[in-house]
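What follows draws every value from the coordinates through simple rules; no lab data is involved. All values reported here derive from a predicted model rather than from experimental measurement. Please note: Cβ atoms are built from the backbone with ideal geometry, for glycine as well, and neighbour counts cover all protein chains shown.
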Amino acid sequence: MENQNSIKKYIPRIIIFIILGVGAYYGYQKYQYAKTHEDTDNAQVETYFVPVLPRMAGYVKALNVKDYDVVKKDELLAEIDTDEAQLVLEELKADYLQAQTDIENAKANINNLNVTINSANANLKANLLRREKSKKDAERDANLLSENAVTRKQADDSKANYEILAAQYEASLEDITTTKSRLPILQAALHKAEAVLGVKKVKIEQQKLKLTYAKVYAPTSGRIGKKSIEVGQFIQAGQPLMTVVKDSNFWVVANFKETQVKNLKIGDEAELTLDAYPDRTLKGKIVSISESTGAKTSLLPPDNAAGNFVKVTQRVPVKIEIEDLAKHKDILRAGLSLEVSVRLK
């Protein structure tokens, strides 16, 4: 009986010693773990978000996807009505034909002017021959008059005829000069018409290219986020229609305290535990450490030069690459929270 009482007396002490021993063991394990690991629960899964932007304005004619659909690269997502744009193209084609007609008219005017110049040159040559003949006749009659072989009236008539033909020759020469001066003007008109034709041709090609923008394709493979358009809605060029979340590449951005960063190095291994799937542990490694804190790159970065300064522990983004990504793609979603534990080397 006394032995039993003695045992009962020491049982509480034994239990306390066991508890203290277990506590010391786990405390030591925690201490050792803390020396070789840096942890944070301020982390999330990231991926690329590719916006789908139309390159022309118009009414949505057809929509081939729903929210959160899986799409492949270059898959047709939406179509924009092109009736109005097609009419614009037809109008541009009509303007192009008119410009071609203007060029033909300009060429015809130049040809007509060249014919006129050639005719004037022929007349000038004929006038030159008549002038030379009349000059010889006037000189001959003047010589005959000195010998009293012809009358003064005949000599005067020959001289007057020469002067008339000389004046006609000079007039023809001036007419040719005036006619030729019109040639550069007509040639400039032709060049202008050709330039206008080139501009109209470019506009037609631009409109044809614009019509190809009526079909909106997926810029990359992935999953559609929430779309912001419906059939019949008018959209502008460059307006975000939806976002494709790339499902081929995920990584983790963990925001460590600035007091932890000194222990982190590129290449350190990390254990990743998703809050949504706590029973699955992913492996990763650090691939880069940001050159600035998250607050510094925010929309309104803090200004410590202000009078009311409160020191706050800053966070530094650390990018972690997920190993065996294909194996875990079924549980990865952009924005999921997780806990990160980095093993220090």
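Here the 3J(HN,Hα) profile of the stretch 44-49, calculated from phi with Karplus coefficients 6.51, -1.76 and 1.60 at θ = phi - 60°, is 8, 7, 10, 7, 8, 10 Hz, Gly and Pro shown as x. Taking the chain as the reference, fit the longest principal axis to its C-alpha atoms, fit the long axis of helix 2-36 to the helix C-alpha atoms, and give the angle between the two in degrees, 0 to 90, nearest 10. That helix lies at roughly 20 degrees to the long axis.
For ALA188, neighbours were defined as the other residues whose beta-carbon sits under 12 Å from its Cβ, and their charges (Lys and Arg +1, Asp and Glu -1) total +1. Helical runs assigned H by DSSP (4 residues or longer) give the chain a calculated mean residue ellipticity at 222 nm of -17500 deg cm²/dmol, each run adding -39500 (n - 2.57) before division by the residue total.
The phi torsions of the stretch 88-104, fed into the Karplus equation with coefficients 6.51, -1.76 and 1.60 and a -60° offset, translate into couplings of 4, 5, 5, 5, 5, 5, 5, 4, 5, 5, 5, 5, 4, 5, 4, 5, 4 Hz, rounded to whole numbers, with Gly and Pro shown as x. Listed by Cβ neighbour count within 10 Å, with the fewest neighbours leading, MET242, MET56 appear as MET56, MET242.
Ordering GLU139, GLU147 by the number of other Cβ atoms within 10 Å of each residue's own Cβ, fewest first, gives GLU147, GLU139. The distance separating the Cα centre of the stretch 95-110 from that of the stretch 210-285 comes to 57 Å. Between GLU75 and ALA218, the built amide H atoms are under 5 Å apart, and every one of these is 5 or more places off in sequence or on another chain.
Whole-Hz Karplus values for the stretch 185-197 come out as 5, 5, 5, 5, 5, 5, 4, 5, 5, 5, 5, 4, 4 Hz, taken residue by residue from phi with 6.51 cos²θ - 1.76 cosθ + 1.60 and θ = phi - 60°; glycine and proline positions read x. For the stretch 173-245, a simple Cβ point-charge model (Lys and Arg +1, Asp and Glu -1, everything else neutral) yields a dipole of about 460 debye relative to the Cα centre. Annotation: extensible slack from GLU79 through LYS283 equals 69.2 nm (criterion: 0.36 nm per residue apart, minus Cα-Cα distance). Using 0.36 nm per residue and subtracting the Cα-Cα separation, the extra length available between LYS296 and GLU194 on full extension is 31.0 nm.
I need the shape label for the stretch 84-212. Rule: rounded when a/c is under 1.5, else prolate if a/b > b/c, else oblate, with a, b, c from the alpha carbon gyration tensor. Prolate.
When only the Cβ of Lys, Arg, Asp and Glu is charged (+1, +1, -1, -1), the dipole of the stretch 84-212 relative to its Cα centre reaches about 260 debye. Taken along the Cα-to-beta-carbon direction at a fixed 7 Å, the label points for ASN64 and THR212 span 1.7 nm. Sorting VAL312, VAL196, VAL340 by the number of Cβ atoms found within 10 Å of their own Cβ, with the fewest placed first, yields VAL312, VAL196, VAL340.
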